[in-house]
Each structure stands twice: as C-alpha cells, then as structure tokens.
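Since the structure comes first, as structure tokens, the remarks are kept for the end.
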Amino acid sequence: MTRLATRFFLVLGFAWIFAATTISLSAAPKLKVGLVLDKGGKDDKSFNTAAFLGMEKASKELAIETKFVEGTDDNAFEPLLRSFAKKDYDLILAIGFSQAEAVKKIAAQFPNKKFAIVDAEVNLPNVRSLMFEEHQGSYLAGALAAMKSKSGKIGFIGGMDIPLIRRFLMGYDAGAKSINPKITIVTNYVGITGDAWNNPPKAKELALAQYQGGIDVIYLGAGASNMGAFDAAEERKALAIGCDSNQNRIKPGFVLSSMVKRVDVAVYQTIKDATTSTFTAGTMRFGLQNDGVDLAFDEFNAKLVDAKQKAQIAQIKKDIISGKIKVPDYYLVKK
Amino acid sequence: MAFEKNLRSLTRPLSALILGAFVSAILIRIVGESPWKVAEIFYNGAMGSAYDLGLSLFYTVPLILTGLAVSVGLRARLFNIGVEGQLTVAALAAALAGIWGPQDVILNRVLGFAAALLGGFLWGAILGYLKARRQAHEVVAGIMLNFIAYGITSWLALNFFKNPDSQNPETIPLIDAVRIPAWSYFQSAPIGWHVLLAPLAAMLLWGFYRWTEAGWAMEAVGENPKAAREAGLSIAQKQFWALAMGGMIAGIVGFIEVYGNSGKFIVGFSPAYGFMGIAVALVGRLHPFGIILSAALFGAIHKGSLDLDFETEWITRDFAQILQAVLILFMSCATLVPAGIQNRWEGLKRRLYGQRP
C-alpha cells in the first residue's frame, strides 16, 4: 500500500515537473537594461535598494526591458557583466565600487555596449561613472548633529575604513565644527571585511557604547548595518542619522535625518539618456546643486528639527552650492 | 574486480545526485520555472563555452586543494576546519613576497609560491601544535585560528600595504609581469598553468599514501590509534604533521589567487573555499582522485547556479543557493540512499554477472 502510494506520488511528481511551461515571446525591440547589484542585494534598504528603485521607475515610464542580478562573491561580477554584454543588453549598470575592475575589463571587451558604474571612476569611452558628492551631504549632517547635540559629543559609525567612508567622515567633521568648533567626534568602524556592511548586531553594540559615553547623535555610514544602530537609538532614546536611502521612517522619532544619496536618480537618468541617445561617457557628478545628495526632511522627522534649524541648514546648503563654503573632499585632500 | 568495486563506490554518490536533482526539480517547479530549462542553463553555465568551462575550473581548482587539505586531516581522524584561515594567511604571504621580492619573473614566482606554502604550513602547524602538544580540540582551535587569521591579515593588509587607488579592501598589486598569464583558450577566464598545481598535488598525495612509510603511518594513526601506538608510532607527531601538511596544501590556494587571479591580496577573497572543502573531501571519499571529481562537481554547480539568477525570471541568487545546498546535502548524505535503490542495483548486477557479487 505505502509502496503503491509512493509510486503514485513519484509519477505524479514527474508529470508535474516535466509538464510543458509556457514561453512568452516579446516582439518590439526595446532598449535592454541590465543591472548588477552589489553583494548587499536588492533589499538592503539602502544603496542597492535605491539603484533597484531607479530602474523600476525607468521600466515603468520608458519602453525598456530590464533585468537585475545580485553578485554572490567578488569573482561573480565579471561573469555577470559579461553575460549581460553577450546577451545583447544595450546598457549595463554596475552598482558599487567593488565592480570597478570587472567593469574596466568587460567594457574594454565590449566597446559597443554602454556601461555605467556607481561610486567608482572608470575612464573608458563607453563607461559613465556616477559619482556622488557625499562630503557635501555629510557636511550638512554634521552641522545638524552639532545643532542637536546637548553634550557636545557626537559619533560616527562607518562600515569599513575605506576612502569612501573617510570622505563621509571628513565632511561630517567639518560640518559639525562649523557649528561648534569645540565639538568632540568619536569614530568607530563596524568591521574590516565586506561583512561590515551587513552586520546590524555589531553596529548596535558600537552605537550603544557610543551613547553610553555621552554621545547623543550618531551619523551612520554602514549600509545594512545601520539597522542595528537605529535599534540602539530607540533603546537609548537618542538620535541617529541614516544614509544612502531615506531611512527616516525606520524608527520615527529617533532618526534625526538621512543623508540621501540619490542613486535612484542617477540610475534613472542614465537609463533615460540611453533611450534618447544622449548617453555620454565620462564622470557625472551628483551633489547638492542637482539634488544628488541631500538631507531628508519629511513627516517622520518633522518633530525633531525646528524651523530655525531647517532654515540654518538651507542657508549652509545654499552657501555650499554657491561656493561660499568649501567642504573638504577626502579624495582631493589625499592627493 | 577492482573496476566493479570502483563502479559500486560511484553508484551511491550518483544516485544521491539524481535524487538531489529530483528534489531540486520540484522546488524549481514550485517557483514557476521549467526544470528542463534550468538543467540546460546549469549545463551551459558550467560548460557551455570555453569561458564558462574556464570559470567552472576557476572554482574547481581551489576546491580540489582545500578538499585535499581537509582529507589529510580526516585520514588521521582530525577535523581540520582551519583550512579557510590557512589559505587566507598563505594568500597574504604570497602577496607580500610578490610585492617585496625581486622583480625578476621566475624568482618572484618561486618566492611567492614558497611564501604561500610556508604561510599555510605555519598556520596549520600552529593548529597541529595546539592539538598534538596542548590537547586543544582541533575544531575549536581551528575556528578560532580562522578568526585570528582574518583579523591579522586584514589588519596587516589595510594598515601597511593598502592599495591607495582602490576602495576595495586590498593590498597594492604585484607588477603585471609576474602574474601568471591566462590561456587564451578559456577566453578571459583566469586559467593558466597554475591550475595544474591542483591535480599535481592530488597525485603527490596519492603517491604519499601509497608508497611512503610516513603516509602509511599517518593513516594508521587515524584508522586505529591504539594499534598505532602499540606499533610504536607517535600519535601526537602524526597529528601535528597531518594538520601542518593540510595547511601547506591549502596554502597553494593562496598562491593561485594572488598570482593567477587577482594579482593582490583582497580581504575576504575566498567564498568559503575552506569550508566547502570539507564537503568536497567527504563526497570524494577522502581519495585524492575522488576529491578531484567531487571538486569538479562542486565547481560546476557553483558556476552553474551563478547563471540561474541571470537566465531565469524567478530564480534569484538566494534561490540558486538553495538549489546548490540541496544538491550538496544529498551528495553528502550519499550513504543514506534508500536501501531499495541499492538492492535493485545489486539485483541488476546479479542478473548481469549471474552470481552474487
């Protein structure tokens, strides 16, 4: 009996598995856009999510065909980019600096394809590099943190000690000191490997330790690890500033603001340019002047920032755009 | 006779693979893809073109070496989980030798290779010492040494040898001349003569166990420690060497990564080669040539599943990892294949050979 039943289900299983699946064929030739996300993946609520949303928006509004994949390890980017290039994708977007070398190699091999990379500069005639002026946004974050801090001590938690995050820190530091020259800034990094971007428990520990030491505002630049630090802010009834995507809604009342990096805008813009054949290679910079970076103010942090502070931030922003305030850029200072 | 025995040792892993594929097919159907299509993608992804084959090889080669490294431990009844740390230390050692060493091509490569072997050996030897002389459990000590290896290598690499031109956590690169050129046959996949080091290591190890007294003694310690002690063998000494030798073999992975692939030490370069090596060694039945086969299978599965995300609409990276895990799970349970299938095979054989085997 049981044997009969087993056989029955086996046969049924086989029949179901091998039943024909329908194949859909598309007719009109559309621009094909491929997106290779970093290891954090589509749902990191931060950097990769922003890129994904930019492409989603483009695929709704423009006549394009899209496809996204997520890298599994550092060696996976090259084959993924290559697969897109070989498969007649017209525009291939690489998200994150860890893909810089893969883009350099594949873009050279496929000179007729268009490539774009976020957060790294690749100088090839078919590659657009999308760079963000994080130091400008971080300057605003620093200024706001200094305005809100009662203890005169503020914190910074970065994912990893890399040039990009140093750039965040340098802007933050300058912004905070512009408000309160005597302010103390304590810095911690989540880790030393790629896992640092995805380690909320460690970020929470660091944040708790910082709050314990009398710090009342922490600026976070640690990708998906930010989540843990927001928990800590809620627990200690303190403040944190998010980054990349607008993270204000994650813990309303405890997220002072977010330094948004509009990767979605950059991705959307690049796709749109490709559909209208206005795609250009070279470096495209997104800063305060074109809303590429900004501090997010919405209903979730409305109670935390008063009108006076908002006006002050707006003034600083204007001064940075006009060039009256020069924000130190780690990338330039270093050289 | 020998052939038949070999054949039989193959049936279990094979039927496990088939069962694993069956369960995967059910999962694939549930998410709404055609298993046929997926099988085709898998095949093409793993060896559809010279480039794909090259990338499968690229993942296979380190797995052969880590599989061998683990097997040396297991043959002496030691669970060497520290392979990941050993290959990490070796990679940094190779990179530093390459950066500092003479910039003459041959000398630089030889030095890099020696440094990798030495680095792996040293890290394995620490584990061996702790096990043999200090009675630490090799699993606990191995895991801890992995953490220490990550910490020390990252600290050294990022504080003293960091590549200033890159956002990636990596050291300054070697000069291009000393890096091993890739064979053009595999298009741009990073496959050159260095991949031959893996089968070479397997062959040497096979010879070591077959012909040398040291090899025999190391296995004796694992198979029957009491008898070995009675026979006058020093168990501690053999255990030390089993772990240190494993580390040395794992060290070759570091050389291959630095000279054959990236040209530098990248923090976190290994997608857990050391841990996958455990499964590779077990599925390969600890036999050097079995390990080559099982590593090839693991490498092909790893590369094949990479393409699933790309080629299908519903299978994501995470789902591809589930499929990979299902296949590996079944492979590692090879001995749990239902007796029914085994019996039927025996029956078939009886009919073929006309007698009980």
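Data for the structure
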{"item": "Wholly within segment B:204-263, helices (runs of 4 or more DSSP H) carrying at least 2 residues that are of a type in the set (K, R)", "result": "B:225-230"}
{"item": "Test: residue in segment B:172-181 that is without any contact (Cβ under 8 Å) to a residue 40 or more places away in the chain and part of a helix (DSSP H, G or I)", "result": "no"}
{"item": "Of the criteria (1) under 25 Å from B:I191 (Cβ atoms); (2) assigned to a helix (DSSP H, G or I), which one B:G268 fails", "result": "(2)"}
{"item": "Subset of segment B:173-213 (residues that are within 14 Å of chain A (Cβ to nearest Cβ) and farther than 27 Å from B:G48 by Cα)", "result": "B:P173, B:D176, B:R179"}
{"item": "Total residues in segment A:143-161, condition more than 14 Å from chain B (Cβ to nearest Cβ), under 19 Å from the mean Cα position of the chain (by Cα) and modelled with pLDDT under 95", "result": "0"}
{"item": "Search result, residues across segment A:233-284 that are within 16 Å of the chain's Cα centre (by Cα), in a strand (DSSP E or B) and among the hydrophobic types (A, V, I, L, M, F, W, C)", "result": "A:I241, A:C243, A:M259, A:V260"}
{"item": "Count of residues meeting criterion [more than 14 Å from A:G142 (Cβ to Cβ), in a helix (DSSP H, G or I) and among the hydroxyl-bearing types (S, T, Y)] in segment A:162-215", "result": "1"}
{"item": "Single unsatisfied condition, B:W123 versus (1) within 30 Å of A:R82 (Cα to Cα); (2) in contact (Cβ under 8 Å) with a residue 40 or more places away in the chain; (3) within 20 Å of the chain's Cα centre (by Cα)", "result": "(1)"}
{"item": "Of residues in segment A:98-127 being in contact with a Ser or Thr (Cβ under 6 Å, 6 or more places away or on another chain) and in a loop (DSSP other than H, G, I, E, B), the one nearest to the other protein chains (Cβ to nearest Cβ)", "result": "A:E121"}
{"item": "Segment B:21-43 residues that are more than 8 Å from chain A (Cβ to nearest Cβ), paired with ones that are among the acidic types (D, E) (beta carbon under 6 Å, 6 or more apart)", "result": "B:I41/B:D307; B:I41/B:E311"}
{"item": "Subset of segment A:162-215 that is under 19 Å from A:S149 (Cβ atoms) and among the aromatic types (F, W, Y) - its residue that is farthest from the chain's Cα centre (by Cα)", "result": "A:Y211"}
{"item": "Only listed residue being of a type in the set (V, I, T) and touching a Phe, Trp or Tyr at 6+ places or on another chain (Cβ under 6 Å), chosen from B:I235, B:I152, B:I180", "result": "B:I180"}
{"item": "Residue match in segment B:203-213 (condition: hydroxyl-bearing (S, T, Y) and crowded, with 22+ Cβ neighbours inside 10 Å)", "result": "no"}
{"item": "Leading residue by the ranking (nearest to A:N126 (Cα to Cα)) among those in segment A:48-93 that are assigned to a strand (DSSP E or B) and within 13 Å of chain B (Cβ to nearest Cβ)", "result": "A:I92"}
{"item": "Any chance B:F58 is in contact (Cβ under 8 Å) with a residue 24 or more places away in the chain and touching a helix residue (DSSP H, G or I) at 6+ places or on another chain (Cβ under 6 Å)", "result": "no"}
{"item": "Among (1) modelled with pLDDT under 85; (2) assigned to a helix (DSSP H, G or I); (3) aliphatic (A, V, I, L, M) - the single one B:I315 does not satisfy", "result": "(2)"}
{"item": "Odd one out for B:L65, checked against (1) within 12 Å of chain A (Cβ to nearest Cβ); (2) assigned to a helix (DSSP H, G or I)", "result": "(1)"}
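Let's see how each residue does on (1) within 30 Å of A:T280 (Cβ to Cβ); (2) surrounded by fewer than 18 Cβ atoms within 10 Å (Cβ to Cβ); (3) touching a residue at least 24 places away in the same chain (Cβ under 8 Å):
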| position | (1), (2), (3) |
| --- | --- |
| A:L144 | no, no, yes |
| A:K150 | no, yes, yes |
| A:I157 | no, no, yes |
| A:P181 | no, yes, no |
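Here's the yes/no breakdown for (1) touching a Lys or Arg at 6+ places or on another chain (Cβ under 6 Å); (2) over 24 Å from B:G98 (Cβ atoms):
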| residue | (1), (2) |
| --- | --- |
| B:L118 | no, no |
| B:A132 | no, yes |
| B:Q135 | no, yes |
| B:T153 | no, no |
| B:L158 | no, no |
| B:S166 | no, no |
| B:P173 | yes, no |
| B:S184 | no, no |
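The values are calculated or read from the model by the stated rules, or taken from the named source; none is laboratory data. Only a predicted model underlies this, so the values are computations on that prediction, with no experimental measurement involved. As a convention, Cβ positions derive from the backbone with ideal geometry for all residues, glycine included, and neighbour counts pool all protein chains shown.
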